Amino acid sequence: MGNFLAYLRESIPFRIVPAAITTAVLVILLALPVPQGLTPDGKAMLAIFLTTIVAIILKVMPIGVMALMAMVILTFSEVTAETSSGAVTDALSSFSSPLIWLIVTAILISIGLRTTGLGRRLGMMFIAALGRRTIGIGYGLALCELLLAPVTPSNTARGGGIIHPIMKSIAGAFDSDPGKGTEGKVGTYLALVNYHANPITSAMFITATAPNPLVRSFVAEATGGAVDLTWGAWALAMLVPGLVCLLLMPLVIYLVSPPALKHTPDAVAFARGELHAMGPLHPKEIVMLLTFALLLLLWANVPSMILGPAFQLDPTAVALLGLFVLLISGTISWNDVLAERSAWDTLIWFGALVMLAGQLNSLGVVAWFSGLMQGMIASANLGWALTAAVLVLVFTFSHYAFASTTAHISAMMLAFLAVGIALIPAAYQGFFVLMMIAASAIMMTLTHYATGTSPIIFGSGYVSMGRWWSVGLVMCLFELVIFAVIGGIWWKLLGYW
């Protein structure tokens with residue numbers, strides 16, 4: 001018996017205390033009486049959903065396992081259907097969604113940026129052009145982020161997998177190393193720029209981070225289809241405020257967290273040396289560039305602009321075409337696709353969270369919660385501007401409690417959108433909706449666990465936790481103001497309000 005208990009202690013893959021807390025949350029939620037206005041099945045669905053979110057926040061196990069847990073509980077509890085077969089059909093319903101496969105396929109496409117070396121080449125080109133000063137290197141990293149964002153829907157892969165190694169190489173060239181206590185020379189500044197470019201570019205394109213298509217679907221649902229952003233419409237709406245944020249962000253960080261070494265002429269020589277070692281563009285890089293251009297043209301619906309609406313293409317269809325081109329050209333291999341664990345992990349956990357959000361809506365939980373919030377805000381007699389501000393700020397800063405943007409968006413966004421649409425006059429709803437879209441990415445700035453990119457960059461040791469949180473708060477408020485003011489003017493010109 002002792003050996004068996006020792007085996008369990010060593011082999012059980014979940015964290016015991018967080019698992020116990022999560023289990024207690026589920027038991028307590030199920031034991032509570034059914035709130036007025038909610039059905040028993042709706043209350044049980046809410047308990048399952050909140051337990052899943054708690055498990056993800058506490059990191060009981062990998063997020064994919066927690067998503068599987070939710071599907072298992074949903075299936076055996078039969079809260080969505082009267083039979084086991086109906087319940088399992090509901091649990092697996094989202095895996096046929098084009099939304100899910102857009103994200104998975106685009107992550108697979110981004111393999112080519114890494115394996116061909118094109119991502120690193122682009123980064124070094126920007127450093128060679130702008131790297132005579134530390135702030136110039138920062139702008140080079142930000143521009144590289146912007147260039148890669150439309151075709152890298154994993155913001156973690158982009159900021160942590162492609163840009164961060166470039167940033168570390170540059171910091172190392174100046175002997176800026178956390179292990180030596182010299183991270184403040186250039187490394188701290190560059191790591192902060194490396195990170196804070198990530199949320200901005202994530203806000204700018206539907207395909208720049210995994211939850212964006214989910215955000216788009218929530219917006220369309222909450223507005224009854226009145227605001228249903230295409231890839232091009234999203235990019236156009238976020239273009240001006242996003243570029244202003246990206247232009248000012250390296251300068252703001254330079255002021256609040258200045259590097260000790262401000263002149264870096266050696267960075268140009270370093271980048272040129274790396275480019276020389278890479279040699280001319282490899283044929284695979286050329287194919288990747290051409291595929292990149294093809295995807296941008298098709299996602300922006302250029303054929304339909306020229307030839308008419310009959311030639312408008314679904315974004316998921318475009319992504320599948322891009323992946324097929326890379327496979328048949330040998331730019332990436334099928335083994336690369338099979339080995340891309342992040343894509344298949346995303347398929348499971350993202351699909352499960354989308355399914356849970358859908359079931360909450362179908363069982364009336366979202367409408368119930370929206371009604372409660374609507375009543376509280378309406379009783380305060382706030383004007384439309386303050387109502388929008390309260391909703392956006394509460395939604396944004398509640399991200400301190402989340403370690404996943406997708407979990408946060410799945411848990412809260414639809415309800416907040418519904419409340420805003422109910423309380424804000426129709427003439428101003430477009431402004432509110434676009435601010436919520438921006439906030440869903442800007443909230444990543446806040447903590448060192450806010451999204452998958454943050455623990456990678458924070459874990460490299462260049463930025464202390466205190467500095468990370470303080471700079472994160474400054475950048476979050478700064479970017480919200482930019483989107484509210486500059487974005488508000490731009491959206492007015494575009495006719496959204």
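Which number in (1) among the aromatic types (Phe, Trp, Tyr); (2) within 28 Å of GLU221 (Cβ to Cβ); (3) surrounded by fewer than 24 Cβ atoms within 10 Å (Cβ to Cβ) marks the one condition that PHE483 misses?
(3)
Whether any residue in the stretch 75-96 is more than 30 Å from LEU360 (Cβ to Cβ), touching a residue at least 24 places away in the same chain (Cβ under 8 Å) and in a helix (DSSP H, G or I) is what I want to check. Steps first, please.
Residues of the stretch 75-96 that are more than 30 Å from LEU360 (Cβ to Cβ), as a first pass: none.
Within the stretch 75-96, none of the residues are more than 30 Å from LEU360 (Cβ to Cβ), touching a residue at least 24 places away in the same chain (Cβ under 8 Å) and in a helix (DSSP H, G or I).
Just one of (1) open to solvent by less than 50 Å² (accessible area, probe 1.4 Å); (2) more than 21 Å from ALA367 (Cβ to Cβ) trips up LEU68, so point out which.
(1)
Taking the stated definitions as given, is PHE431 aromatic (Phe, Trp, Tyr) and surrounded by fewer than 22 Cβ atoms within 10 Å (Cβ to Cβ)?
Numbers: aromatic (Phe, Trp, Tyr): yes; surrounded by fewer than 22 Cβ atoms within 10 Å (Cβ to Cβ): yes.
Taking the combined requirement at face value, the residue satisfies it.
What number of residues within the stretch 434-480 are hydroxyl-bearing (Ser, Thr, Tyr) and surrounded by fewer than 19 Cβ atoms within 10 Å (Cβ to Cβ)?
Residues flagged as hydroxyl-bearing (Ser, Thr, Tyr) and surrounded by fewer than 19 Cβ atoms within 10 Å (Cβ to Cβ) within the stretch 434-480 amount to 3.
Find the residue count for the stretch 86-124, including only residues that are under 30 Å from GLY279 (Cβ atoms) and of a type in the set (S, T, N, Q).
Going through the stretch 86-124, the residues under 30 Å from GLY279 (Cβ atoms) turn out to be 106-124.
Going one step further and asking which of them are of a type in the set (S, T, N, Q), we end up with 110, 115-116.
Selection size over the stretch 86-124: 3.
For residues in the stretch 364-378 being touching a residue at least 60 places away in the same chain (Cβ under 8 Å) and part of a helix (DSSP H, G or I), which is surrounded by the fewest Cβ atoms within 10 Å (Cβ to Cβ)? Explain how you work it out, then say what you get.
In the first step, residues of the stretch 364-378 are kept if they are touching a residue at least 60 places away in the same chain (Cβ under 8 Å); the result is 364-365, 368, 371.
Cutting the leftovers down to part of a helix (DSSP H, G or I) gives us 365, 368, 371.
Numbers: VAL365: 23, TRP368: 19, GLY371: 16.
Ranking the qualifying residues of the stretch 364-378, first place goes to GLY371.
Here are some conditions: (1) more than 23 Å from VAL79 (Cα to Cα); (2) free of Cβ contacts under 8 Å to residues at least 60 places away in the same chain; (3) assigned to a loop (DSSP other than H, G, I, E, B). LYS59 meets all but one. Which one does it not meet?
Condition (2) is where LYS59 drops out.
Can you find, within the stretch 2-44, the residue that is least open to solvent (accessible area, probe 1.4 Å) among those that are in contact (Cβ under 8 Å) with a residue 24 or more places away in the chain and in a loop (DSSP other than H, G, I, E, B)?
Looking at residues that are in contact (Cβ under 8 Å) with a residue 24 or more places away in the chain and in a loop (DSSP other than H, G, I, E, B), I get LEU38.
Kindly list, by first and then second residue, each pair from a residue in the stretch 153-170 that is aliphatic (A, V, I, L, M) to a residue that is open to solvent by 10 Å² or more (accessible area, probe 1.4 Å), limited to pairs with Cβ atoms under 7 Å and residues at least 6 apart or on different chains.
ALA157/SER342; ILE162/ARG114; ILE166/ARG120; ILE170/PHE270
Please work out if TRP368 is in contact with a Pro (Cβ under 9 Å, 6 or more places away or on another chain), of a type in the set (Phe, Trp, Tyr), over 19 Å from GLU479 (Cα atoms) and at pLDDT 90 or above.
No; evaluated as a whole, the condition is false for this residue.
Filter the stretch 330-363 down to residues that are surrounded by fewer than 16 Cβ atoms within 10 Å (Cβ to Cβ) and of a type in the set (Gly, Ala, Ser) and give me whichever is farthest from PRO35 (Cα to Cα).
Across the stretch 330-363, the extreme among qualifying residues is GLY330.
Do you know which of the residues in the stretch 289-329 that are open to solvent by less than 80 Å² (accessible area, probe 1.4 Å) and among the aromatic types (Phe, Trp, Tyr) is farthest from PHE95 (Cα to Cα)?
My answer is PHE292.
In the list GLY224, GLY232, GLY179, which residue meets the criterion of being within 15 Å of LYS168 (Cβ to Cβ), modelled with pLDDT under 90 and out of contact with any Ser or Thr (no Cβ under 7 Å at 6 or more places or on another chain)?
Details: GLY224 fails: within 15 Å of LYS168 (Cβ to Cβ); GLY232 fails: within 15 Å of LYS168 (Cβ to Cβ).
When all the criteria are applied, what remains is GLY179.
Are there any helices (runs of 4 or more DSSP H) wholly within the stretch 259-344 with 1 or more residues that are within 28 Å of LEU192 (Cα to Cα) and under 24 Å from the mean Cα position of the chain (by Cα), and if so which? Reasoning before the result, please.
On the way: elements: 265-278, 283-299, 302-307, 315-328, 334-339.
In the stretch 259-344, 283-299 are the helices (runs of 4 or more DSSP H) which contain 1 or more residues that are within 28 Å of LEU192 (Cα to Cα) and under 24 Å from the mean Cα position of the chain (by Cα).
Within the stretch 266-288, track down each residue that is closer than 16 Å to ALA129 by Cβ and in contact (Cβ under 8 Å) with a residue 60 or more places away in the chain. Reasoning before the result, please.
Initial filter on the stretch 266-288 (closer than 16 Å to ALA129 by Cβ): 266-276, 278.
Result: ASP266, ALA267, VAL268, PHE270, ALA271, ARG272, GLU274, LEU275, MET278.
The values are calculated or read from the model by the stated rules, or taken from the named source; none is laboratory data. The structure presented is a predicted model; accordingly, all values stated were derived computationally and were not measured. Cβ: placed from backbone, ideal geometry, glycine included. Neighbour counts: every protein chain shown. The accessibility values were calculated without ligands, DNA or RNA, using every heavy atom of the protein model including side chains. Shrake-Rupley method; radii C 1.70, N 1.55, O 1.52, S 1.80 Å.
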